[in-house]
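The values are calculated or read from the model by the stated rules, or taken from the named source; none is laboratory data. Because the structure is a prediction, the values reported are computed rather than measured. So basically every Cβ, Gly included, is an ideal-geometry build from the backbone, and we count neighbours across all protein chains shown. Remember, those area values only see protein heavy atoms, side chains included, never the ligands or the DNA or RNA. Shrake-Rupley method; radii C 1.70, N 1.55, O 1.52, S 1.80 Å.
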Amino acid sequence: MKNIPKQYSPGKSEKKWYKEWLDKGYFRSAPDDRAPYSMVIPPPNVTGVLHMGHMLNNTIQDVLVRRARMSGLNTCWLPGTDHASIATEAKVVNKLKSEGVEKKDISREEFLHHAWEWKEKHGGIILEQLKKLGASCDWERTRFTMDDELSESVIRVFVDLYNKGLVYRGVRMVNWDPRALTALSDEEVVYREVNSKLYYIRYQVEGSEDFVTIATTRPETILGDTAICIHPDDDRYRQLAGKKALVPLIDRPVPFIIDDYVDMEFGTGALKVTPAHDINDYNLGLKHGLESIDIFNDDGSLNEKAEIYIGEDRFAAREKITRELKDKGHLVKIEEITNSIGYSERTDEVIEPKLSLQWFLKMDALAKPALDVVMDDTIRFHPPKFKNIYKHWMENVRDWCISRQLWWGHRIPAYYTPDGGFVVAQNRTEALIAAREKFSKEIRDEDLRQDEDVLDTWFSSWLWPISVFDGINSPANPEIKYYYPTNDLVTAPEILFFWVARMIMAGLEFRGEVPFRNVYLHGIVRDKQGRKMSKSLGNSPDPLELIENYGADGVRVGMLLCSPAGNDLLFEESLCEQGRNFCNKIWNAYRLTQSWDIDNDLPQPAYANTAVSWFEASLNKTLNLLEDHYSKYRIADALMTTYRLIWDDFCSWYLEMVKPLPGKPIDASTYNTTIGFLNSLLRILHPFMPFITEEIFQRIKKEGEEESICIAGKPQPGIYDNQIIESFSFNRQVIVAIRNLRQERNISPKEGIDLYIKKNNNEQPDLRFDGIIKKLCNINHLDYVSQKPEGMHSVIIKSTELMIPLDRHIDTEEEIKKLEAELKYQEGFLKSIDKKLSNERFINNAPAQVVERERKKRSDADSRIKVIKEQLKSLGG
């Protein structure tokens with residue numbers, strides 16, 4: 001005991017063992033004869049630092065990986081980071097601004113030099129932070145989405161899809177981010193319900209004194225109007241067909257067009273049409289051959305086509321236009337409304353619908369097979385409720401806008417000739433060859449101009465499970481053949497379509513095989529008020545501070561204790577405290593076993609033999625349950641089951657049963673078995689709490705055992721005696737009841753007492769736990785009786801009466817009052833059970849074991865009522 005610290009020190013242990021694991025290469029993987037288990041980390045942004053969502057995600061991954069490693073599988077958990085085009089470029093632009101440098105004033109090459117410098121300085125921070133959590137990644141395999149191999153894969157895939165006719169270039173209405181100055185895909189737009197205004201504006205009918213009123217939420221866009229649309233069945237406007245209206249403030253004549261697209265009940269029933277700034281108006285414009293007038297610059301300010309307020313920001317222009325409309329008599333009224341506004345998922349800027357020449361990927365052909373493999377459970381979602389969300393998305397998929405107006409990222413491999421033609425090729429050399437074949441043999445290298453745009457970040461991320469093993473460039477290499485498809489993916493539902501669906505598409509398209517077998521979808525980490533944790537709200541604790549205060553094991557357990565798959569986690573710091581307390585409980589249990597003196601000649605007592613038999617049965621039952629939990633990806637349930645086995649069964653009961661009396665030794669057989677149990681418990685717990693389990697394992701392991709718990713085998717479930725488990729469940733109630741009776745009667749635990757037990761309903765006693773009852777309850781004499789002796793205080797467990805003789809006076813009235821209250825409760829309980837059992841739907845539809853359990857409850861309640869009535873009768877009640 002002198003060499004065992006009184007308190008467990010997580011900080012020292014974590015540094016020591018993580019270094020040991022890395023030095024010994026326990027996390028490294030290479031193809032061999034074992035079955036593989038592979039998983040790729042959802043690559044965090046290279047701009048990122050560890051937050052609570054990362055903590056939850058990577059803890060779950062580490063649990064799965066460590067358990068797989070202990071199952072004898074060749075585990076490869078591959079880490080890496082994402083280049084995050086928009087976020088990283090914004091960081092670099094801001095850094096340059098702070099140094100007095102504007103992006104527009106430097107060349108692309110100079111900007112990229114700064115970007116790579118920034119990446120090298122900040123890019124590895126989050127991965128280093130994950131090590132403090134205990135993440136058992138194969139760090140030697142760390143990848144970055146702009147590594148040479150991965151970049152080559154992205155370009156190769158673009159060229160391939162272009163050659164297949166799936167990638168195309170065209171003018172389309174896109175989601176434009178005026179802050180990031182780039183197009184976004186539909187999935188990168190977040191819609192929010194906000195308080196808005198509906199402006200009613202009068203348009204004069206050309207050549208008359210008549211006016212038509214339209215309603216819009218964006219009065220600044222009237223400057224881009226090219227028509228007013230009316231419904232063919234709307235009698236209010238039938239006379240306007242073939243006429244024109246004048247756009248207020250600028251007097252541009254625009255035609256009235258007839259189309260049943262208009263909702264006659266919304267607003268005034270007349271619709272302003274602005275093809276350049278609304279997707280539905282754009283489609284109307286195509287149908288009716290309308291001009292598109294784009295009035296906005298890329299930064300959201302008005303351009304010369306607006307004619308007025310040129311250079312003004314769109315929202316400032318809205319205010320000024322509204323005032324001018326009012327002053328000139330065009331503004332009829334303003335209504336307060338609530339409507340849905342799209343925001344950039346990256347910059348939180350209000351999205352501007354904009355006509356733009358972009359690159360797109362056709363999705364229909366890719367989406368169908370990717371939907372099928374989820375619906376037929378080739379890929380399983382955990383929980384499966386997300387299948388319907390996935391199905392809705394995939395059946396309503398639109399072409400993916402894959403070009404971004406940025407410099408940081410994978411530059412689109414399209415090369416333009418001076419006359420506007422272009423070719424798509426893997427590199428400039430191949431592009432020159434293709435251009436000469438397609439256009440003219442006279443084309444020179446300096447004639448070619450590469451596309452300025454880069455590809456959407458997700459266009460590299462969707463290849464992640466393939467490209468990290470170089471499966472695009474080298475499709476038959478040993479690593480991709482061994483590790484692909486990966487086993488599990490752990491991620492959040494909000495990127496189910498962003499990333500998960502697209503990886504499935506890419507896997508089927510480029511490997512002919514799904515990229516993973518299981519997708520575990522965890523919830524969002526929220527505070528106790530249900531708000532998403534964020535820096536802006538100030539409600540997100542610093543994960544590294546939590547680890548410092550509670551230890552990595554404590555934080556891991558705290559995160560998982562209330563994190564069922566698919567449901568959001570309501571996080572409180574007290575959960576980490578609970579995790580730390582669990583660490584201390586385990587450490588104290590270990591210290592207790594090391595405080596015992598061992599007598600090799602002492603025979604094993606009967607009570608210890610019973611305790612060993614019971615705990616062995618409980619252990620094996622739990623191992624079987626854990627197999628079921630893990631197979632169904634119930635990670636939180638697996639942790640709670642493990643927690644109860646260790647805290648309740650082992651620490652609170654088993655150790656109390658077998659620990660020697662003060663000053664006495666323990667027999668060697670019981671001691672060795674106890675240490676064996678502790679060894680098994682550490683192995684079960686290791687995936688959740690890797691550090692403390694390694695610390696104790698190293699102190700108790702036998703000669704010849706594995707050198708680290710990391711690579712130790714997990715305990716295998718065996719058959720078990722359920723009868724002894726049920727018997728203990730009853731006898732545990734007996735022990736608790738006697739201890740409570742002592743407390744009620746102010747009988748010191750040190751004072752020995754006699755115990756009489758009366759079984760009823762012809763039940764036969766199970767004597768195996770009598771020795772444990774005597775030991776834990778300090779019983780001098782235990783006897784079974786058929787009649788209740790005089791002068792006894794009693795308590796009832798099910799139908800069994802427990803009685804202890806007392807010299808003290810019995811308050812008969814108080815006893816009767818207690819028994820009558822208990823009788824009333826039991827009769828009410830019996831009534832509720834009878835009601836359930838008389839329900840034919842319950843009997844016919846409930847599982848047989850559930851019905852049987854209710855019948856057992858009824859039998860126990862009935863027996864208990866009979867015993868209470870007998871007791872009342874004996875007391876004259």
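Mind checking whether some residue in segment 40-56 is assigned to a loop (DSSP other than H, G, I, E, B), surrounded by fewer than 24 Cβ atoms within 10 Å (Cβ to Cβ) and of a type in the set (G, A, S)?
yes
The single residue among L602, L561 that is open to solvent by less than 50 Å² (accessible area, probe 1.4 Å), over 15 Å from F650 (Cα atoms) and of a type in the set (A, V, I, L, M, F, W, C) turns out to be L561. Where residues in segment 747-778 are open to solvent by less than 30 Å² (accessible area, probe 1.4 Å) and part of a strand (DSSP E or B), which of them is nearest to P660 (Cα to Cα)? Checking each candidate, the answer is I753. Residues of segment 658-672 that are surrounded by 21 or more Cβ atoms within 10 Å (Cβ to Cβ) and either without any contact (Cβ under 8 Å) to a residue 12 or more places away in the chain or within 16 Å of R591 (Cα to Cα) (or both): V658, I666, Y671. Sub-6 Å Cβ pairs linking a first residue in segment 462-478 that is over 18 Å from F158 (Cβ atoms) and open to solvent by less than 20 Å² (accessible area, probe 1.4 Å) to a second residue that is among the aromatic types (F, W, Y) and outside any loop (DSSP other than H, G, I, E, B), at least 6 apart or interchain, are F469/Y483, ordered by first then second residue.
Of the residues that sit in segment 535-558 and are of a type in the set (G, A, S) and buried (at least 22 other Cβ atoms within 10 Å of the Cβ), which one is farthest from I696 (Cα to Cα)?
If we take residues in segment 535-558 being of a type in the set (G, A, S) and buried (at least 22 other Cβ atoms within 10 Å of the Cβ), then G558 is farthest from I696 (Cα to Cα).
Checked against (1) among the aliphatic types (A, V, I, L, M); (2) open to solvent by 40 Å² or more (accessible area, probe 1.4 Å); (3) outside any helix (DSSP H, G or I), L112 passes all but a single condition, namely (3). Pairing residues of segment 293-315 that are over 18 Å from S356 (Cα atoms) with residues that are part of a loop (DSSP other than H, G, I, E, B) and open to solvent by 80 Å² or more (accessible area, probe 1.4 Å), at Cβ distances under 9 Å and at least 6 apart in sequence or on separate chains, gives D313/D299.
The single residue among L626, L655, L645 that is closer than 30 Å to N57 by Cα, in contact (Cβ under 8 Å) with a residue 40 or more places away in the chain and not in a loop (DSSP other than H, G, I, E, B) turns out to be L626. Contact map, segment 116-129: first residue farther than 19 Å from K15 by Cβ and at pLDDT below 90, second residue open to solvent by 30 Å² or more (accessible area, probe 1.4 Å) and basic (K, R), Cβ cut-off under 9 Å, separation 6 or more or different chains; pairs are H122/K91.
Counting the residues of segment 381-438 that are in a helix (DSSP H, G or I), within 26 Å of I472 (Cβ to Cβ), open to solvent by 20 Å² or more (accessible area, probe 1.4 Å) and not aliphatic (A, V, I, L, M) gives 6.
Applying a threshold of 6 Å to beta carbon distances and a minimum spacing of six or more residues, or different chains, the list of pairs starting in segment 575-596 at a residue that is over 20 Å from M640 (Cα atoms) and touching a residue at least 24 places away in the same chain (Cβ under 8 Å) and ending at one that is of a type in the set (A, V, I, L, M) and surrounded by 20 or more Cβ atoms within 10 Å (Cβ to Cβ) reads Y590/I696; W596/I666. Among all positions in segment 261-268, there is no residue which is outside any loop (DSSP other than H, G, I, E, B) and open to solvent by 20 Å² or more (accessible area, probe 1.4 Å). Being open to solvent by 60 Å² or more (accessible area, probe 1.4 Å) and either of a type outside the set (V, I, T) or at positive phi (or both) narrows it down to one residue among H686, H781; which is it? None of the others qualify; the one that does is H781.
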